[in-house]
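Report on the following structure.
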Amino acid sequence: MKRAVLFDLDGVLLDSHTSQLTTLAGFATSALDRRVTIADLPVEAATTPREQVLAGLGLRGPINEDGWDAATATASLHTEVFPFVGDTLTALRAAGIATGIVTLRSHRLVRWLLPPDILNLIDIVVCFEDAVPKPAPDGPLLALKQLGVAPKDAVFVGDMEIDIHAARAAGIRAVGAGWGFAGPGALTRAGADLTLPHAAGLADVLLLLLAGAEPSR
């Protein structure tokens with residue numbers, strides 16, 4: 001029986017909160033031709049669709065994707081994966097567990113954001129151009145299809161309500177990453193099967209779940 005763990009990217013594997021806000025502020029500064037700082041962004045900017053945030057700042061019309069990518073590249077120069085990521089992925093691989101990322105980012109940006117040694121530990125990456133985006137289940141289901149894993153034999157780790165909704169719609173057990181953007185309370189309310197306040201011992205917890213046990217967290 002083949003098993004798998006799927007991860008969201010931002011806020012789960014990648015510590016990108018500051019870079020996302022910097023991207024928004026930098027793009028808005030260029031697009032609106034006036035200085036926009038992180039302090040000028042709405043409180044929930046990191047968890048609000050970029051179109052909504054930028055419209056609230058005064059942007060009219062579609063987002064220039066080349067300009068957005070340039071702002072993202074600059075803001076992400078100092079973005080790092082969380083310290084636990086390498087050890088967690090290595091432990092899962094050693095246990096014979098397949099791994100995947102399902103993200104709203106593009107393949108181009110994923111290559112910019114993740115170092116090669118981390119990408120080499122991921123078996124499949126599904127981006128927004130590959131399937132209908134979350135909260136639809138299409139992305140997680142595509143990842144599992146390509147991995148040859150049934151939904152009942154997989155776990156999805158996400159930090160936003162849309163991750164939990166996508167996992168549940170796909171019939172995958174949903175683990176809330178409380179260290180990410182939305183916070184533990186929101187993930188529990190969204191229907192996570194298990195919500196973790198932090199990532200300590202994450203590989204052990206995931207292996208227990210995949211073995212059918214119920215971790216005490």
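The values are calculated or read from the model by the stated rules, or taken from the named source; none is laboratory data. Just so it is clear, the model here is predicted, and its values are computed rather than measured. So basically every Cβ, Gly included, is an ideal-geometry build from the backbone, and we count neighbours across all protein chains shown. To get the accessible areas, we keep the full protein, side chains included, count just its heavy atoms, and leave off ligands, DNA and RNA. Shrake-Rupley method; radii C 1.70, N 1.55, O 1.52, S 1.80 Å.
At-a-glance table
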{"read-out": "Spin-label proximity, residue 136 to the stretch 80-112 - amide N less than 15 Å from point 7 Å beyond Cα toward beta carbon", "value": "103-105"}
{"read-out": "Cα gyration tensor shape for the stretch 140-217, rounded if a/c is under 1.5, else prolate or oblate", "value": "oblate"}
{"read-out": "Over the chain, relative contact order from alpha-carbon pairs under 8 Å, at least 6 apart, %", "value": "22 percent"}
{"read-out": "In the stretch 26-66, the trypsin sites (Lys or Arg not before Pro) that fall in loop regions by DSSP, at most 12 other Cβ within 10 Å", "value": "34, 35, 60"}
{"read-out": "Efficiency of FRET from Cβ geometry, residue 17 and residue 118, R₀ 22 Å, rounded to 0.05", "value": "0.75"}
{"read-out": "Net length gained if the chain between residue 48 and residue 70 were fully extended (0.36 nm per residue, minus Cα distance)", "value": "5.9 nm"}
{"read-out": "Sum of -39500 (n - 2.57) over DSSP H runs of 4+, divided by residues of the chain (222 nm, nearest 500)", "value": "-12000 deg cm²/dmol"}
{"read-out": "Highest to lowest packing among 186-196, 158-168, 99-109, scored as the average C-beta count within 10 Å", "value": "158-168, 99-109, 186-196"}
{"read-out": "Overall form of the stretch 51-113 per C-alpha gyration tensor (a/c, 1.5; a/b vs b/c)", "value": "prolate"}
{"read-out": "Protein accessible area in the stretch 58-142, 1.4 Å probe - carbon and sulfur %", "value": "59 percent"}
{"read-out": "Relative contact order computed over the stretch 1-86 (Cα-Cα under 8 Å; 6+ residues apart), in percent", "value": "41 percent"}
{"read-out": "Inter-part distance where the stretch 139-210 and the stretch 15-88 are each reduced to a Cα centre, Å", "value": "25 Å"}
{"read-out": "Amide H contacts of residue 14 (H built 1.01 Å from N, under 5 Å, at least 5 apart or other chain)", "value": "82"}
{"read-out": "Calculated FRET value between residue 208 and residue 80, using beta carbons and R₀ = 25 Å, to 0.05", "value": "0.35"}
{"read-out": "Equivalent ellipsoid, the stretch 131-182 (semi-axes from 5 times Cα gyration tensor eigenvalues, Å)", "value": "18, 12, 8"}
{"read-out": "Whole-number accessible area per residue in Å² for the stretch 21-97, which is evaluated in the context of all protein chains at 1.4 Å", "value": "57 Å²"}
{"read-out": "Relative contact order (percent, whole number), the stretch 116-164, Cα cutoff 8 Å, 6+ residue spacing", "value": "30 percent"}
{"read-out": "Cα gyration tensor shape of the stretch 59-170, rounded if a/c is under 1.5, else prolate or oblate by comparing a/b with b/c", "value": "oblate"}
